[in-house]
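Participant: Provided herewith is a single structure, encoded as structure tokens, for subsequent inquiry.
The values are calculated or read from the model by the stated rules, or taken from the named source; none is laboratory data. Everything quoted here is computed from the prediction, not taken from an experiment. In this analysis, Cβ positions are derived from the backbone assuming ideal geometry, glycine residues included, and neighbour counts consider all displayed protein chains.
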Amino acid sequence: MNVIINGERRDVAPRTTVADIVRSLTDAAGGIAVAVNDHVVPKADWAETLITENDRVDVLTAVQGG
Amino acid sequence: MSLPPLVEPADELTVDEVRRYSRHLIIPDVGMDGQKRLKNSKVLVVGAGGLGSPALLYLAAAGVGTLGIIDFDVVDESNLQRQIIHGQSDIDRPKAVSARDSIREVNPNVEVVLHEERLDSDNAFRIFEPYDLILDGTDNFATRYLVNDTAVLMGKPYVWGSIYRFDGQASVFWAEHGPCYRCLYPEPPPPGMVPSCAEGGVLGVLCSSIGSIQVNEAIKLLAGFGDPLVGRLMIYDALEMSYRSVKVRKDPECPLCGKNPTITELIDYEEFCGTVSDEAQEAAAGSTITARELKQMMDDNEDFYLVDVREKNEYEIVNIPGAVLIPKGEFLNGEAFAKLPQDKKVVLHCKSGARSAEALAALKGAGFSDAVHVGGGVLAWANQIDPSLPTY
């Protein structure tokens, strides 16, 4: 299944969840937000949110600078 | 979504003010009404640093009547690359005072209120109280969660922005009408994972790219026009030169602004953000040497292996003689261990001691039990041992 993760096309297994994608990118438990097709998915829903073909997934990192 | 103006209009504008703000007054959306609302507005800017500098200058120029500035720090030479409200002659002066002087020059009509203290859980309610709107320009996660929680608990809107290297994010958090910072980022990243600008750098002009968005949103909220950045996260990439926004919903499970809140008062934010992780604190306890002790070890020709855990570009700016560069990341993923001698004491250092403490925790976990790190890092070395070295 083809999806776009942080702007790059990737092949992921069927029934991949948002939580799976986050785990494949980082070990960090906090400071991460995920948008699927330009809508942020609350962290509590990551494990149940399935990715579908051609979804655009953006994994964002909190930055602290000011 | 448009929202009603936050502030009632002032009675009138003086003749001088009409002249000064004429380019606003002739925009139909702003007009006399909008400008009078700005005149009556009270905005608190948290931090007179990278984001606070352009934000304060533009808020002042725009005619916001009262500007509060909270900052406990003094101007450092390394601030001047981006903190454009301060100048060469302001070095070592309090940032709040320096910012006030610049604002007076830009627009003497603005009343400036100084809060020369560190924002904390004890003073936050008192400091926020008189203001209509808060603009967050702080530089660390602990204060960012403190600003968020205070604003939500007081029912005040705030304009949030954060920056790193070439990347910026901005949003308006107003729990009454949309999500808060915790709906977006429920927890901070693990300590040490996301570098600060002091560790990772920031393109100077990025401060204005994001600070301007914050002021833009502040003005819209105060005067009540346009589509505010409530429920949307603006993401800016200066390398690609792209701005885009993603929608953020209020999280019904948010512990602060959700249906069943569990955070009903301010907490200990240093602890919440674990400014240095427990593992690092534990590893550093009893295994921290001073820069002077390091120098003594060198002078005594002790046999040890000195490792600089910063990044390559930092090493190129300044380094301690004899130090081998192995960035912290290699300690966290384990690659570093094979590069280290088994029969020598390992001494780690970084810029100021936080990253080397994290690396030390990983190193001790891998069995290097007599390893130590240098408290204060290369900055302490430059200050105490070799003042001819540059600092950053």
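Participant: Could you tell me which of the residues A:59, A:22 is closer than 30 Å to residue B:198 by Cα, within 14 Å of chain B (Cβ to nearest Cβ), assigned to a helix (DSSP H, G or I) and touching a helix residue (DSSP H, G or I) at 6+ places or on another chain (Cβ under 7 Å)?
Facilitator: The conditions single out A:22.
Participant: Here's a check for you: in segment B:169-201, which residue that is at pLDDT 95 or above and facing another protein chain (nearest Cβ under 8 Å) is nearest to residue B:51 (Cα to Cα)?
Facilitator: B:169
Participant: Among the residues that make up segment B:265-282, is at least one of them of a type in the set (S, T, N, Q) and more than 26 Å from residue B:144 (Cα to Cα)?
Facilitator: no
Participant: Mind checking which residues of segment B:232-262 are within 10 Å of another protein chain (Cβ to nearest Cβ), in a loop (DSSP other than H, G, I, E, B) and crowded, with 21+ Cβ neighbours inside 10 Å?
Facilitator: Listed by number, the residues that qualify are B:248, B:251, B:254.
Participant: From the list A:9, A:15, which one is more than 18 Å from residue B:185 (Cβ to Cβ), more than 9 Å from chain B (Cβ to nearest Cβ) and in a loop (DSSP other than H, G, I, E, B)?
Facilitator: Just a single option satisfies the conditions, and that option is A:15.
Participant: With respect to residue B:227, is the statement that it is within 13 Å of chain A (Cβ to nearest Cβ) and in contact (Cβ under 8 Å) with a residue 60 or more places away in the chain true?
Facilitator: Judged against the criteria, residue B:227 is not a match.
Participant: Quick one: is residue B:70 within 20 Å of residue B:159 (Cβ to Cβ) and not basic (Lys, Arg)?
Facilitator: Criteria met by residue B:70.
Participant: A follow-up question, please. For segment B:75-94: of the residues being surrounded by fewer than 17 Cβ atoms within 10 Å (Cβ to Cβ) and not in a loop (DSSP other than H, G, I, E, B), which is farthest from the chain's Cα centre (by Cα)?
Facilitator: B:89
Participant: Would you please name the residue that is surrounded by the most Cβ atoms within 10 Å (Cβ to Cβ), looking only at residues in segment B:127-147 that are of a type in the set (D, E, K, R) and more than 10 Å from chain A (Cβ to nearest Cβ)?
Facilitator: Looking at residues that are of a type in the set (D, E, K, R) and more than 10 Å from chain A (Cβ to nearest Cβ), I get B:132.
Participant: Now for a separate question. Looking at (1) away from every other protein chain (no Cβ under 14 Å); (2) in a strand (DSSP E or B), can you tell me which one residue B:150 breaks?
Facilitator: All conditions are met except number (2).
Participant: Further, regarding this structure: If you scan segment B:311-365, which residues turn out to be in contact with a strand residue (DSSP E or B) (Cβ under 7 Å, 6 or more places away or on another chain), among the aliphatic types (A, V, I, L, M) and closer than 16 Å to residue B:375 by Cα?
Facilitator: B:320, B:323, B:346, B:347, B:348, B:357, B:359, B:360, listed by residue number.
Here's the yes/no breakdown for (1) free of Cβ contacts under 8 Å to residues at least 24 places away in the same chain; (2) exposed (fewer than 14 other Cβ atoms within 10 Å of the Cβ); (3) in contact with a Lys or Arg (Cβ under 7 Å, 6 or more places away or on another chain); (4) over 19 Å from residue B:249 (Cα atoms):
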{"site": "A:15", "(1), (2), (3), (4)": "no, yes, no, yes"}
{"site": "A:27", "(1), (2), (3), (4)": "yes, yes, no, yes"}
{"site": "A:31", "(1), (2), (3), (4)": "no, no, no, no"}
{"site": "A:39", "(1), (2), (3), (4)": "yes, yes, yes, no"}
{"site": "A:45", "(1), (2), (3), (4)": "no, no, no, no"}
{"site": "A:48", "(1), (2), (3), (4)": "no, yes, no, no"}
{"site": "A:54", "(1), (2), (3), (4)": "no, yes, no, yes"}
{"site": "A:57", "(1), (2), (3), (4)": "no, no, no, no"}
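Participant: Of all residues being touching a helix residue (DSSP H, G or I) at 6+ places or on another chain (Cβ under 8 Å) and more than 7 Å from every other protein chain (Cβ to nearest Cβ) in segment A:29-45, which is farthest from residue B:273 (Cα to Cα)? Just the residue, please.
Facilitator: That would be A:36.
Participant: Taking the condition of being over 21 Å from residue B:228 (Cα atoms), touching a residue at least 12 places away in the same chain (Cβ under 8 Å) and hydroxyl-bearing (Ser, Thr, Tyr), how many residues in segment B:1-27 meet it?
Facilitator: Count: 1.
Participant: Quick one: residue B:220 ticks every box in (1) part of a helix (DSSP H, G or I); (2) at the interface with chain A (Cβ under 8 Å from one of its Cβ atoms); (3) of a type in the set (D, E, K, R) bar one, so which box is it?
Facilitator: Every condition holds for residue B:220 apart from (2).
Participant: Another question, if that's okay. So which of A:37, A:54 is modelled with pLDDT of 95 or more and over 12 Å from the mean Cα position of the chain (by Cα)?
Facilitator: Testing whether each residue is modelled with pLDDT of 95 or more and over 12 Å from the mean Cα position of the chain (by Cα) leaves just A:54.
Participant: Right, next: Quick one: how many residues across segment B:12-66 are part of a loop (DSSP other than H, G, I, E, B) and among the aromatic types (Phe, Trp, Tyr)?
Facilitator: 1
Participant: Which one of B:346, B:309, B:324 is within 24 Å of residue A:27 (Cα to Cα) and at pLDDT 95 or above?
Facilitator: Criteria check complete, one pass: B:309.
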